[in-house]
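Contents: one structure, followed by commentary.
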Amino acid sequence: MVENKEYPLKVTVAIPCYNAAPYIGLVIQSVLEQTYPPDEVLVVDDGSTDHSLEIIQRYPVRIIQHSENRGISDARNSALSEANGNIIVFIDADAVADPDLLAVLLSGYDDQSVGGVGGQGIESNILSLADRWRYKHSSQTHGTKPRDVEFLYGLCMSFRVNVLRLVGGFHPAFRTNAEDMDVCFRVRKAGFRLRYLPSAKVYHQRTDDEIKLKNTMARWYSAAYQARLRNNAHPWRLFAGTLCRLVSEPFHDLLIDHDREMARLSFQIGLIKIISLWQTAKKSWTENRHKAI
């Protein structure tokens, strides 16, 4: 392990990877070139069927292999179980790290009450309509000011390893989305703060077409509702906020920005979100009713 004298904390960087061949090399390289070098880098190949593993093997990292795709929570848990650091930093396989990312994240651990520190994702690909919509209406950020937050974004988040193990790690029910939200709710329930530092940045390389974007939004809102329901974190507020955006986002796109195509997409995605939330809520209510009987 590298001896870091500026901060006493030992840092494990964990990168879950599933079919991320176009980006994974850039992401690993960005981690290895940090101004605050990590003590170890773990890359979890979660059953990739492209040539991600071949690319990962070119770099001086520890590789954890899953023989089949087990989902994002299991990938994160595999890294957590192998981590030797005091702090574990999760970076998504399509999120290139800013050179100062680790230094900024570690600066947030100046108080034992802080259980996790996270940053924001800067959208790098905004050429297509779907990518522009994600940049405008679904950027993974909590704004421009440092503050304590309800949850951290999974593409760029860190935790004290002992805290994450204390709360049981990531719940396997969340295979693709909202595992970050769920674990953050449990970290806060355990009495720890979550700190957001906007200067901790990664550059999100993802690109979408409209179909992929709509499917992603449907899955995310369904999983987010379940995460809030599991943790008694006001799931109906998600409904209320989504209903407001169903009106406000197309209105702004059309009347303020004069962008008809963006307004159309905003309205369609807003409906998809509401339908996904309603279906998930109805299913949960039905299951709970049957259990009660």
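Just to confirm a number: summing +1 for Lys and Arg and -1 for Asp and Glu over residues other than F192 whose beta-carbon lies under 13 angstrom from that of F192, what do you get? Every neighbour counted, the sum reads +4.
Taking the C-alpha atoms only, the angle from helix 235-251 to the longest principal axis of the chain is near 70 degrees. In a simple Cβ point-charge model (Lys, Arg +1; Asp, Glu -1; nothing else charged), segment 104-151 has a dipole of about 320 debye relative to its Cα centre.
I want the local charge near F251. Using Cβ-Cβ distances under 13 Å, sum +1 for each Lys or Arg and -1 for each Asp or Glu among the other residues.
-1
Think of the chain as a dipole: +1 on every Lys or Arg Cβ, -1 on every Asp or Glu Cβ, centred on the Cα centre; then among V167, T141, T35, V167 lies furthest on the positive end. For segment 186-215 and segment 222-242, what is the separation of their C-alpha centers, rounded to whole Å? If we compute the Cα centre of each part, the gap is 16 Å. Once you reduce segment 244-284 and segment 25-43 to the center of their Cα atoms, the two points are 38 Å from each other. Computed from phi, the 3J(HN,Hα) profile of segment 256-270 under the Karplus parametrisation 6.51, -1.76, 1.60 (θ = phi - 60°) reads 9, 8, 6, 10, 5, 5, 5, 4, 4, 5, 4, 5, 4, 5, x Hz, with x in place of Gly and Pro.
When the trypsin sites (Lys or Arg not before Pro) in segment 47-114 are filtered for DSSP coil states and for at most 14 other beta-carbon atoms within 10 Å of their beta-carbon, the remaining sites are R58.
Sorted into 5 angstrom bins from 0, the C-alpha pair distances of the chain split as 1, 5, 11, 15, 18, 17, 14, 9, 6, 2, 1, 0, 0 percent. I'd like the orientation of helix 179-189 relative to the chain: the angle between its Cα long axis and the longest Cα principal axis, in ° from 0 to 90, rounded to 10. Compared with the principal axis, the helix lies near 80 degrees.
Dividing the summed -39500 (n - 2.57) terms of all DSSP H runs of n ≥ 4 by the residue count of the chain sets its mean residue ellipticity at 222 nm at -14000 deg cm²/dmol. For the chain, a Gaussian network of Cα nodes joined below 10 Å ranks L26, L255, L271 by mean-square fluctuation, and the top entry is L255. Other residues within the sphere of radius under 15 Å centred on the Cβ of D74, judged by their own Cβ, net out at -4 (K and R +1, D and E -1). Taking springs between alpha-carbon atoms closer than 10 angstrom, which of I126, I256, I72 fluctuates most in the Gaussian network model of the chain? Maximum among the listed residues: I256.
For the chain, the longest principal axis of the alpha carbon atoms and the long axis of helix 210-230 meet at an angle near 80°.
About its Cα centre, what dipole magnitude does segment 11-208 give when the only charges are +1 on Lys and Arg Cβ and -1 on Asp and Glu Cβ, stated in debye to the nearest 20?
In debye, rounded to 20, segment 11-208 gives about 620.
Of all DSSP beta bridges confined to segment 11-208, the antiparallel ones make up roughly 35%.
Values quoted throughout were computed directly from the atomic coordinates according to the rules given, and no laboratory measurement underlies them. Keep in mind that what you see is a predicted model, and the values were worked out from it rather than measured. So basically every Cβ, Gly included, is an ideal-geometry build from the backbone, and we count neighbours across all protein chains shown.
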